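Notes follow once the structure below has been shown.
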Amino acid sequence: MAERTLFYWSKMYTQQLESGLDYTHLKKCITINIVDFDVTPLKKLSSVYHIFEDETKFKLTDVLEIHFLELKKLYNPEVPKDEDDPLVMWMEFIDGKREVIDVLSKKNEDINYAYDLLKIISKDKKARMEYEARMAAIRDEMTRLHVAEKKGIEIGMQKGKIEVAENLINLGLDINTIIKATGLTEEEEKE
């Protein structure tokens, strides 16, 4: 499992780098493995791995992060677990025992929301389609707001450049210096 995880992590990591880009374009990749078997001999439900120097434990980089959530250990009495830990709750939710999910949905607002969604999408085809249409409408509205916000920022930045240009004109600077300072075009500056 470790080798398989590293293989898929490395593909995810290296595929970010398109031809001609340098290493600064690489972003952190997190792999989360949710398994129903024991992966590690550790007496822990979840394990997180990074790249550390052996002796000093200095973390070489934060671009690699691998998680193992071992569902089978939920029922091992030797493995300590905090019933109020959100991660434990989510693991129990993922494990899917109906009576446990009912209790969890009352204890955790996010799990209750996820459980409600699960009930919706597991119903008939019409209910699923209605849910998907509603989610598409929400995403469309969020996109419209994002585009409007971006356009507003661009307009604001342009107005700011014009104000700076006006101040520099009042100080008597020449047009070429003002163009360099503001990033405006010569046409915009004359206007």
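The values are calculated or read from the model by the stated rules, or taken from the named source; none is laboratory data. The structure displayed is predicted, hence computed values, not measured ones. Every residue, glycine as well, gets a Cβ built from its backbone with ideal geometry; the counts of neighbours run over all protein chains shown.
For the range 53-104, give me the residue count where each residue is more than 28 Å from LYS27 (Cα to Cα), among the hydrophobic types (A, V, I, L, M, F, W, C) and part of a loop (DSSP other than H, G, I, E, B).
Within the range 53-104, residues that are more than 28 Å from LYS27 (Cα to Cα), among the hydrophobic types (A, V, I, L, M, F, W, C) and part of a loop (DSSP other than H, G, I, E, B) number 1.
Which condition breaks for VAL63 when tested against (1) surrounded by 10 or more Cβ atoms within 10 Å (Cβ to Cβ); (2) farther than 23 Å from MET1 by Cα; (3) not aromatic (Phe, Trp, Tyr)?
Going through (1) surrounded by 10 or more Cβ atoms within 10 Å (Cβ to Cβ); (2) farther than 23 Å from MET1 by Cα; (3) not aromatic (Phe, Trp, Tyr) one by one, VAL63 breaks only (2).
For the range 73-117, name all the residues that are among the aromatic types (Phe, Trp, Tyr) and either more than 19 Å from ASP38 (Cβ to Cβ) or touching a residue at least 12 places away in the same chain (Cβ under 8 Å) (or both).
If the condition is that a residue be among the aromatic types (Phe, Trp, Tyr) and either more than 19 Å from ASP38 (Cβ to Cβ) or touching a residue at least 12 places away in the same chain (Cβ under 8 Å) (or both), then TRP90, PHE93, TYR113, TYR115 are the ones that fit.
For (1) surrounded by 11 or more Cβ atoms within 10 Å (Cβ to Cβ); (2) not aromatic (Phe, Trp, Tyr); (3) not in a helix (DSSP H, G or I), each residue gets a yes or a no:
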| site | (1), (2), (3) |
| --- | --- |
| ALA133 | no, yes, no |
| ALA137 | no, yes, no |
| GLU141 | no, yes, no |
| VAL147 | no, yes, no |
| LYS150 | no, yes, no |
| GLU154 | no, yes, no |
| LEU168 | yes, yes, no |
| LEU173 | yes, yes, yes |
| GLU187 | no, yes, no |
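Name, by its number, the condition in (1) farther than 30 Å from ASP85 by Cα; (2) surrounded by 10 or more Cβ atoms within 10 Å (Cβ to Cβ) that does not hold for LYS106.
(1) is the only condition that LYS106 fails.
I'd like the full set of residues that are in contact with a Cys (Cβ under 7 Å, 6 or more places away or on another chain) and of a type in the set (Ser, Thr, Tyr), limited to the range 1-19.
Result: TYR13, single match.
Are any residues in the range 44-68 in contact with a Ser or Thr (Cβ under 6 Å, 6 or more places away or on another chain) and among the hydroxyl-bearing types (Ser, Thr, Tyr), and if so, which ones?
Of everything in the range 44-68, just one residue is in contact with a Ser or Thr (Cβ under 6 Å, 6 or more places away or on another chain) and among the hydroxyl-bearing types (Ser, Thr, Tyr), namely SER47.
Would you point out the residue of the range 156-166, among those that are under 35 Å from the mean Cα position of the chain (by Cα) and not hydrophobic (A, V, I, L, M, F, W, C), that is surrounded by the most Cβ atoms within 10 Å (Cβ to Cβ)?
Per the criteria, the residue is LYS161.
PHE37 fails exactly one of the following numbered conditions: (1) among the hydrophobic types (A, V, I, L, M, F, W, C); (2) within 15 Å of HIS67 (Cβ to Cβ); (3) free of Cβ contacts under 8 Å to residues at least 40 places away in the same chain. What is the number of that condition?
Only one criterion is unmet by PHE37, namely (2).
What is the one condition in (1) at pLDDT below 90; (2) more than 27 Å from THR5 (Cα to Cα) that GLU109 does not satisfy?
(1)
Could we say that TYR23 is surrounded by fewer than 13 Cβ atoms within 10 Å (Cβ to Cβ) and more than 24 Å from ASN108 (Cα to Cα) here?
Criteria met by TYR23.
Identify the single condition in (1) within 30 Å of LYS119 (Cα to Cα); (2) surrounded by 14 or more Cβ atoms within 10 Å (Cβ to Cβ) that ARG98 does not satisfy, given that it satisfies every other one.
Every listed condition holds for ARG98 apart from (2).
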